[in-house]
Amino acid sequence: MSSQNLIELYLDAKIELDKIADWFRANKLTLNISKTKYILFRDKSQYVDFSGLNLSIENEEIERIGEDCKENFFKFVGVHLDEHLTWQYHINHVRGKAASANYALSKLRNLLPMNVKYTIYNSLFRSHIEFNILCWGRSQYKDIHKITTLQKCAVRYIANLKYNSHTGIYFKKLNILKFNDLVKLNQANFMYRYVYNKLPSSFDNFFDKLNNFNRSLSFVLPKINKNEHKLLPSFALIKTWNDVSLDLKRKKSLNSFKKHFSSALS
């Protein structure tokens, strides 16, 4: 739910919660209210006085998630969401997973051949940093660069290099995309699926087509008031896609598109 008016937003939420409670009663189901939480997403600069603002189901108050609350983030389908969408909790979680993968690689660097370590990297490292990267990959959270540092360490372990060796050439040799290139690849893959109607119907007409869409397969870039908003998926997805060559956009399969787009990045 969303609204420009906070009071109206809470009133609307209360109405919907009453409907949910009625539905549960009608279907003879029980809702565990102690495990029910809510979160108010908003800009970090926007101050909200929460005194007097609360939500409840059948007179039992629902706990809010936020910086000044008992819980600072909410885990939804493996993604850690905070009220300002800074992604700091999710990024810290990914860093922990990546560090664990690096520990495993460090112990195996002298025991296994390079191709096996590469497989371990894809299984234990890339799978975690690539999960939902469309949303958090362009975050401005100050520690996101540490994931790039961990990725360089992983490459050194795979190639059995010294701790301070340059890794640029080995990213290409191992066919490993750098973190920022992984973001671009996932953005482009998403847009390819969108253009060729391979996404759920909820995404239909999500972006505005250019007048010459049939010739360019490009979309209208939304107007942005702040530079940091250029990092949002609604802008970054279109920007990445519009920069793709028309030949690539017209590839007949997603696998072919991914292969050629990855080659262009490496």
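Where helices (runs of 4 or more DSSP H) fall entirely within the stretch 150-261, those with at least 1 residues that are charged (D, E, K, R), without any contact (Cβ under 8 Å) to a residue 40 or more places away in the chain and touching a helix residue (DSSP H, G or I) at 6+ places or on another chain (Cβ under 9 Å) are at 168-173, 213-216, 233-242, 246-249. Could you look through the stretch 64-98, keep only residues that are among the basic types (Lys, Arg) and without any contact (Cβ under 8 Å) to a residue 40 or more places away in the chain, and pick out the one that is nearest to Tyr10 (Cα to Cα)? Selected residue: Arg64. When the criteria are applied in full, Lys252 fails the requirement of being over 19 Å from the mean Cα position of the chain (by Cα), surrounded by fewer than 16 Cβ atoms within 10 Å (Cβ to Cβ), under 21 Å from Ile129 (Cα atoms) and among the basic types (Lys, Arg).
Here His80 passes the criteria (1) at pLDDT below 95; (2) outside any loop (DSSP other than H, G, I, E, B); (3) touching a His at 6+ places or on another chain (Cβ under 6 Å) except the one numbered (1). Looking only at residues in the stretch 125-140 that are within 15 Å of Gly78 (Cα to Cα) and of a type in the set (Phe, Trp, Tyr), which one is surrounded by the most Cβ atoms within 10 Å (Cβ to Cβ)? Only one residue fits best here, namely Trp136. Is the stretch 230-239 home to any residue that is in contact with a Cys (Cβ under 9 Å, 6 or more places away or on another chain), under 25 Å from Trp87 (Cα atoms) and surrounded by fewer than 16 Cβ atoms within 10 Å (Cβ to Cβ)? Yes - at least one qualifying residue is present in the stretch 230-239. Only residues that are surrounded by 10 or more Cβ atoms within 10 Å (Cβ to Cβ) and either among the basic types (Lys, Arg) or touching a residue at least 60 places away in the same chain (Cβ under 8 Å) (or both) were counted in the stretch 20-38, giving 2.
Scanning the stretch 97-136 for residues that are more than 22 Å from His80 (Cβ to Cβ) and of a type in the set (Phe, Trp, Tyr) yields Tyr118, Tyr121.
Among the conditions (1) at pLDDT 95 or above; (2) out of contact with any Cys (no Cβ under 7 Å at 6 or more places or on another chain); (3) among the polar types (S, T, N, Q); (4) surrounded by 13 or more Cβ atoms within 10 Å (Cβ to Cβ), Thr86 misses just one, which is (1).
For the stretch 39-53, which positions are loosely packed, with under 14 Cβ neighbours inside 10 Å and either at positive phi or out of contact with any helix residue (DSSP H, G or I) (no Cβ under 8 Å at 6 or more places or on another chain) (or both)? Listed by number, the residues that qualify are Phe41, Asp43, Lys44, Ser45, Gln46, Tyr47, Asp49, Phe50, Ser51, Gly52. Look at Ser127 and say whether it is among the hydroxyl-bearing types (Ser, Thr, Tyr), assigned to a helix (DSSP H, G or I) and free of Cβ contacts under 8 Å to residues at least 24 places away in the same chain. So Ser127 fits the description; yes.
The values are calculated or read from the model by the stated rules, or taken from the named source; none is laboratory data. None of the values given here were measured: they were computed from a predicted structure. Glycine gets a Cβ as well: all are built from the backbone with ideal geometry, and neighbour counts include every protein chain shown.
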